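See below for the structure under consideration.
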Amino acid sequence: MLQNLFTDGLVIGSVYALVSVGMTVILGVLGQINFAHGEYYMAGAFAAWWAIDRLGLSYMASIPLTILIVGILSLAIGYAVMQRLVDVSFDAGIIATLGVSLLLQNTATLIFGGTYQIFDGGWLEPMRVFGEDIAQQRVLIFLVTLVVFGALEWLVRKSTFGKQMRAVSQNVECCHVLGVDVRRVVLITFILGTTLAALSGVMTAPITINIYGAMGEAITLKSFAVIVMGGMGSIGGTLVAGWVLGIMESLVAAYVGLQFRDAVAFALLVMVLMWRPSGFFSTKARY
Amino acid sequence: MPGIAIGGRYAAPQVAGGVLIAACLVLFPLVASSYQLSTLIVSMVFLLPAIGLNLILGYTGMLSLAQMGFFGVGGYTSALIAMHFGTPFWLNFVAACLVPALLAAPLAIPALRLRHTSFVMCTIAFVFIIESVSKNWVGLTRGDMGLSSVPRPRIGLWSDGFIVHTTVQYYYLGLLLCALAVAALVAIVRSPAGRYMIAIREDEILAASVGGRTWHYRLAAFVLSAAFAGAGGSYYVHYVTVISPTVFDPSYTNTVLVVVLGGGVGTIAGPILGSVVFVALSEALRIAPELRMVVYGLVLTTSVFAFPKGLIAPLTSALRGAVQPKARGPHDR
Amino acid sequence: MLAIEGLRAGYGALEILFGTDLLVAPGEFVSLMGPNGAGKSTLLRTIFGMTAINGGSIVWNGERISGLKPRDILRRGIAFVPQGRCNFPLMSVDENLDMASCAVPGTKRSDRDAIFDLFPILRERRRYPAGYLSGGEQQMLEMGMAMLQRPRLLLIDEPSVGLSPQAIHQIFSEMLRINAGGCTVLLVEQNTRKAMEVSTRVAVLRLGQVIWTGPPSAITHEQLGSLFMTGHLDMAANGPALPTV
Amino acid sequence: MTGANAPYGSLSWRGASLAAKEINAAGGVLGHKIELVRGDSQCTPVEGVLGLQRMISSDHIQFVLGDICSSATLAYEPIVENAKVLLINAASSDPTITYKAGVGGYKWTFRNYPTDEQRAGIVLKYASEQRHLHKIAILSVDNDYGRGAIALSKKFFQRYGITVVSEDYFQASTTEFLPELNKIKSSGAQAILMYGYAASSRLVARQMLESGLAGKIALIGNGDFTNPQTIKAAPSVLNGAIEAAAWSPDYDSARSKSFVHDYEAAYGGEVPQVHAFTHWETINLLAAAIRKAGSVDPAAVKQALAGISFDGATGVVKFDNHDQADLPMILYQVENGKPVIKGVFRTAVVYPKP
Amino acid sequence: MTAETQAALSLRGVRKSFGPVIAVAGIDLDIAAGKICGLIGPNGSGKSTLFDCCTGLVRPTAGQVLAGTTDITGWEMARIAREERLLRSFQKAVVFRALTAEENLILAGQMTAFRSLAATFSLGPLAHRRVQALRARAGELLERVGLAHMRHSKAGEMSFGQQKLLQFASMLMPEPRTILLDEPFAGINPVLIERIVENIRAVNREQGVTFVIVEHNIDVLSDLSHRLVVLSRGSILADGNPEDVIRDPRVVEAYLAG
């Protein structure tokens, strides 16, 4: 049973990490908390559902289409809202992204109706991993997460764009001086972050089944806990924090009670912050 | 920082404007429908925790999202005392301010070690933890079933007195409480302690270098803001007569944030304006139930770019311009 | 050739430059001087497109550059080293130099070697995060970053603040070397003595206007001080001043 | 009418709109057309109270159907009392609502929906006596409905010899049940007592399938187990599920069948859900009361409603002295992917002594 | 002890390291009361860290800091300022930008006018009178540093030099005993430098305030100071009469060369 709890926790933790890493790169580059982040997760799930249910595509084919749709959506929002947040205060950024969150959530409800849509796709057949049965989709989520984090580490450390991202996160003024196109970096980072949330949405939809407008809310709040625990701006830290949270949630759900599950994220956060005020992996970026 | 000259005297137009607005508010029930009054009552419900948030964010520079947690604690305290002991409203109200304040003090000890985003997240965590307690301490709070039939406020010294039950009466009660809260906020920010708080907002290390006990003042701001939130909870619970863990819903926290930031953080009048405008806006949008929240979201986002310092900023600068027209010349620099 | 005419600029409602005029010829080393708040830093930032322009024009090599974005100005051969630390403290020296070259296409490996030859200490520290470097080393890094952009006009704002005399000396000699290599330099410096040693011309700003310009030899320190404060040059001691602009 | 946010509110709205359309097409009531006004309570008392105030003073509504959420309904009771507007609830199952109504105090609140207490007893009786399920794990939604239903169920545990191996509550937004199911798997429970919503039921069923609990542990309680879409999510898990509900689309009466038919025709083949039904039924009930009163004056309608005997889809609807409708509770068991009725029960609500 | 020999500030073997980096390597130093002591040294020689150790911003890794005869090692910055009137300035953070010049000074004066924490929350006539007294004193000090015309201007709208003057004035508010100045002349023009220098001299002469000044502008500093201490790599390299110190070949090599 313990092994089961760990594998479940790792998979769920991977989902948290995948969503949160998008938020953490946006936070790093823009210095703003994105209260609407979970809405892109929701948008991803809806886009895939739409592709499967209305266009009759396969689950496989719905994934790239989802990324494309959410990419276009976040291009529009990034252009209209997020780019402008470079110049506004942290507090104002909260209001702006809260507004975007309400907008997206309720637009989805408006378009697709208030009822639950049922997601039909993915690979739910069990497979044996280390002597335990686990749905293929869960294994896939885990593997995709590993690949995405590997790619992100490479991107941020080695690629020119990644260096620009770090540069913007460390000193915006200086980026202007050196001619780094800050708005472009912000926009691309935002699209990257939101499409990762959307990817997470489409990957988990077969497991969460129910698709509805407000499904992103809870995940936004958990992402807050994860990015702070991970040490804001740290990609590896986000993955570790996501896993720790997933496993802790599983353990608490099984041994303490499911009713405490959602409090775990924040109780854990407070404890981690007591122990290390800057999270698991402090990057000392923005203070 | 528009709005208030700390320690100084208010300018005549400010006083005149304040008196005029106060008179309008007092006379408003003569012309308003009960629905309009209810809307203002809800504005005032949010204004009380918003004043607390304004103190801690606007005057001390710490963004605490725990306000609605303390609001709920205040509400539960007020309701439980009234239900079990049949106490008059003033006593419930005082208890509703004190209990959250006493709870805030130990919570502040870990939280005050943190700054910026980590602090914000830690305060979000408090709401979740308080919510979890309210859900699972069934013996006290009846958990999710919530407390219902909370007595209406009884205005009396001890055993009897007059019971508030019409909308107009609730409105005047709210007006009185808000007036007290605004007066308390003004008193705090104009006191020497308030000057230290503003100093902390500006630069914490520099504030310490001029002898400010920064930790203590940050603690004081956190505790006082919890007391304001608790006051709001008390007014709320005796108006709605029901309280359950749904008060900890993040959407309430968001409303308080919008009231303070949208109205104008760090000003006395900003959150007052914000509470009226944003609650009224949300109500006005009920004409289009389908689009209501979509439009509300759109308005929030656009308002950030249209009024980056809150709705109050263009208003005060317009007023100031009207009172003392003054052109900037090269000698200002 | 940089020609600034009737420039009016500032931050929001606060206007700082009130009709500034200045001509800088190729190869010159011009020091901007003046009391605090005269608008020296604002002038550099405005040339580089970092403040809102309310009026007037800036022409560089016959092309009007007022209103352009910093990156476009950079591409036209103007680089800027602002006051205070302008680097990425958590990135290595190498990565910082990478950032400098990203807006100007076509930088070569040899360019970087040239920078390292100019500032050998940077070669030693190339793998260190910039934040670990001393103040002087960081200033060199910032100048190196600007040089990597192969400017024909270098704008430098108060490079000596917070540096030891030794570091200041080194920075100034590198500026001279850069200038000798054909790059025009426009310097803002509080250390007037030092600035007057290196520059070919001094321009004095007061209340957002250039009130005097001439070779350093044409003015004494005492005169400069009274010029800062009163805006009038005491001519008696030193012959006629050069005409303004 | 005010309705909760999102799924259930919109289902209720569909049911009510259908009824209004049908009645208006047939000429309305006493020559009046029924006009529905929608307000959004977002399932919170504050929003709900404001929405209700607006309807009362701006839209001049005379009758209110609502709320889905018990906490909001409880907040409405004093308001309708002051405003003299008739509140008929068709979805909140917290018993306290009608404890306080009728002779209990509030005169303007009626409820046309069975309480959780009625439901709790029926489910446990059948599970223990017919299916011999005595070891159960509790897994309910963490809100007034789930917590309340379990609190009421606890009254019956001793009577039916039931032992509880675990007790857990989940948020309506929870998507991950595997840790819980793993624990239940190793605890030797024979059944999971669950009060929740369709969305969670689907997830629990699917994840029970994943963790190999299909056919080993039965789902009992209430959570749209009999809804075809739930069954489709994991048929092998839901076979043997026991549910007590106010209504289900398979309910065999002419009136019920015709509702299902009309609803499917009106909403593109969507199978109606219980809230859609109760709101449809309640609008019809209200229309009947208006006809009986011979007036649309709320006071007269209130009087008529208290003494009404309405031929509903699940039998005759009458109100007791707490203005609680005496409604049947239907017990279903899923067999071969289809819900089968195992009994229809009517139990009078036991009110606490004042 | 006579006034001449009494130390305003004493360091006993003060060390401070950040991880492996040693910023201050065991310094013993007595600053005589009523004197102006200049502190120079190349960048990274530990001057600012030494200030931080003296004023409680960082806690020394080892050693003791004494203000007069009181051991203040490990005290918080605010307490050192309040109880020992040992004040300091910062290079960058200079004034509270949102407050007016006058409010900046009142704020700085509160530490003497309101001793207890509770007193700062009161709004009674006594508190009001105390604030009025501070306001009057603030007016005098603004006059003294030549900023009287900017009394009601927001500090953030002043020029950098004016802000530095304001900062200097605000340190005089609480009747200081010792003032540590961190690069008071950096980034301001010679005229304002002269004004600050005059004020330092006057305050030192009239009120006997002890000054320790970190500054790179050696011409000004050696002229102003009674004593010059040179730091290099976290230790004292030279110490004594300014004229002698700046001619010391070791100092010239480490610092002034070139």
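The values are calculated or read from the model by the stated rules, or taken from the named source; none is laboratory data. This structure is a prediction, so every number in the text was calculated from the model and none was measured. So basically every Cβ, Gly included, is an ideal-geometry build from the backbone, and we count neighbours across all protein chains shown. We work out accessible area using only protein heavy atoms, side chains counted, and drop any ligands, DNA or RNA first. Shrake-Rupley method; radii C 1.70, N 1.55, O 1.52, S 1.80 Å.
Quick notes
- Residue among B:Tyr171, B:Gly266, B:Met145 farthest towards the positive dipole end of the protein assembly as shown, charges placed on Cβ: B:Tyr171
- Solvent accessible area, Å² - B:Tyr172, 1.4 Å probe, full protein context: 90
- The stretch E:7-256, relative contact order in percent, only Cα pairs under 8 angstrom and at least six apart counted: 27
- Computed Rg/Rh of the stretch B:161-206, alpha carbon atoms with Kirkwood Rh: 1.33
- For the stretch D:1-139, the dipole from Cβ point charges (+1 on Lys and Arg, -1 on Asp and Glu) about the Cα centre works out to 280 debye, to the nearest 20.
- Longest stretch of chain C clear of exposed loop sites (trypsin sites (Lys or Arg not before Pro), DSSP loop, at most 10 other Cβ atoms within 10 Å, sites excluded): C:128-245.
- Interface residues of the stretch E:66-111, defined as a loss of at least 30 Å² in heavy-atom accessible area between the chain alone and the complex of all protein chains with a 1.4 Å probe, are E:Met77, E:Ala78, E:Arg82, E:Phe90, E:Ala93, E:Phe96, E:Ala98, E:Leu99, E:Glu103, E:Leu107, E:Gln110, E:Met111.
- In chain B, the DSSP-assigned H stretches of four residues or longer account for a calculated mean residue ellipticity at 222 nm of -22000 deg cm²/dmol, using -39500 (n - 2.57) per stretch and the full residue count as denominator.
- Heavy atoms of chains B and E lose about 2700 Å² of accessible surface on contact, summed over both sides with a 1.4 Å probe.
- On Cα atoms only, tilt of D:116-129 relative to the major axis of chain D in degrees: 30
- Principal-axis tilt of helix D:274-293 within chain D, Cα atoms, nearest 10 degrees: 30
- log₁₀ of I(q)/I(0) at q = 0.13 Å⁻¹ - the stretch B:44-90, Debye sum with one point per alpha carbon: -0.38
- Per-residue ellipticity at 222 nm from helix content only, as computed over chain A with -39500 (n - 2.57) for each DSSP H run of at least four residues, stands at -24500 deg cm²/dmol.
- Long-range tail of P(r) for the stretch A:21-216 (Cα pairs > 22 Å, %): 50
- Max mean-square fluctuation residue, GNM over chain C, Cα-Cα springs under 10 Å, options C:Asp72, C:Asp117, C:Asp94: C:Asp117
- Based on Cα contacts under 8 Å between residues 6+ apart, the stretch B:31-252 shows a relative contact order of 43 percent.
- Accessible surface buried once D binds A (1.4 Å probe; total of both sides; Å²): 2600
- For the stretch D:198-281, a simple Cβ point-charge model (Lys and Arg +1, Asp and Glu -1, everything else neutral) yields a dipole of about 280 debye relative to the Cα centre.
- Kyte-Doolittle mean at least 1.0, axial Cα span of 18 Å or more - DSSP H helices of chain A: A:2-30, A:59-80, A:90-112, A:136-158, A:182-208, A:217-230, A:235-255, A:261-275
- Only helices enter this figure: runs of n ≥ 4 DSSP H residues, each worth -39500 (n - 2.57), summed and divided by the residues of chain E, yield -11500 deg cm²/dmol at 222 nm to the nearest 500.
- Charge dipole of the stretch B:31-252 (Cα centre as origin; +1 on each Lys and Arg Cβ, -1 on each Asp and Glu Cβ, all else neutral): 260 debye, rounded to the nearest 20.
- Cα gyration tensor shape for the stretch D:217-309, rounded if a/c is under 1.5, else prolate or oblate: prolate
- Euclidean distance of C-alpha centroids, the stretch D:292-353 and the stretch D:210-287, integer Å: 18
- Pairs of lysine residues in the stretch E:32-167 that meet both criteria, 8 or more places apart or on different chains and Cα atoms under 21 Å apart, total 6.
- Contact order relative to length of chain A, as percent, for alpha carbon pairs under 8 angstrom and 6 or more apart: 38
- Accessible area of the protein assembly as shown belonging to carbon and sulfur atoms, whole % at 1.4 Å probe: 59
- Whole-number D in µm²/s for the stretch E:7-256 (Stokes-Einstein; Kirkwood sum over Cα pairs; 4 °C, 1.567 mPa s): 69
- Cα-based shape type of the stretch A:172-287, given that a ≥ b ≥ c are square roots of the gyration tensor eigenvalues and the cut on a/c is 1.5: oblate
- Unit charges at the beta carbon, dipole of the stretch A:21-216: most positive-side option, A:Ala135, A:Gly71, A:Gly122: A:Gly71
- Each Cα pair of the protein assembly as shown feeds into the Kirkwood radius, which the Stokes-Einstein equation turns, at 4 °C and 1.567 mPa s, into a diffusion coefficient of 36 µm²/s.
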